[in-house]
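A short write-up of the structure that comes next.
The values are calculated or read from the model by the stated rules, or taken from the named source; none is laboratory data. Note that the coordinates shown come from a computational prediction; the quantities given were computed from them, not determined experimentally. All Cβ positions, even for glycine, are placed from backbone atoms using ideal geometry, and neighbour counts span all protein chains on display.
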Amino acid sequence: MKKSIIVLAVLAVLVTGYGFVTYNKLVSASESVDTQWAQVETQYQRRFDLIPNLVNSVKGVMKQEEAVFGAIADARTRYAGASSVDEKAQAASEVESAYARLLVVIENYPQLKSSEAVQTLMSQIEGTENRISVERGRYNDSVRTYNLAAKRFPSSLVAGVFGYDAKAYFQGAAGSSEAPAVNF
């Protein structure tokens, strides 16, 4: 009788200990995902801080492309008003599409390409886009690590009890894999 009580007590301690360890791992993984998303947003903010400078530099040289500038400004506004990761990702994709159109426009105007201010801003935007791409990849890696921890048995039992549901991966917007058409 004493042995069975000791065995049950040891099992209870082990199960409880496993629960605490698993819970702490889930908390850490969830925080890692949130931190990584903050890194993505930091790069988005860098991108949006560059937009007014690029627009002002380019506006002086080509007034007829106001639609592109309007699309960039509208997407930036939608991003600022977005409340969820999906809404922010959609708005960011719209900015990327407008940027692609703007870069095509700039490439077709030699006087713009030769402008030092435009060249500097274009290289900053290119660097920012690369940073965003890296941070998105890191975010998805963090989500994968978290989701594996939350879905694998037996940690899925602890995740279910404490409400640690799977998190969404960052995915490009529909149609973002196709190059935008620019008509003059």
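Data overview
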item	result
Complete set of residues in the stretch 124-160 that are touching a residue at least 12 places away in the same chain (Cβ under 8 Å), among the aliphatic types (A, V, I, L, M) and farther than 16 Å from residue 42 by Cβ	143, 149, 150, 158, 159
Odd one out for residue 29, checked against (1) at pLDDT below 85; (2) surrounded by 14 or more Cβ atoms within 10 Å (Cβ to Cβ)	(1)
Close pairs from the stretch 81-106: first without any contact (Cβ under 8 Å) to a residue 24 or more places away in the chain and over 14 Å from residue 43 (Cβ atoms), partner among the β-branched types (Val, Ile, Thr) and surrounded by 15 or more Cβ atoms within 10 Å (Cβ to Cβ), Cβ under 9 Å, at least 6 apart	103/125
Criterion: among the hydroxyl-bearing types (Ser, Thr, Tyr), surrounded by 18 or more Cβ atoms within 10 Å (Cβ to Cβ) and modelled with pLDDT under 80 - qualifying residue of 99, 109, 139	99
Leading residue by the ranking (nearest to residue 169 (Cα to Cα)) among those in the stretch 46-92 that are of a type in the set (S, T, N, Q), assigned to a helix (DSSP H, G or I) and modelled with pLDDT of 80 or more	90
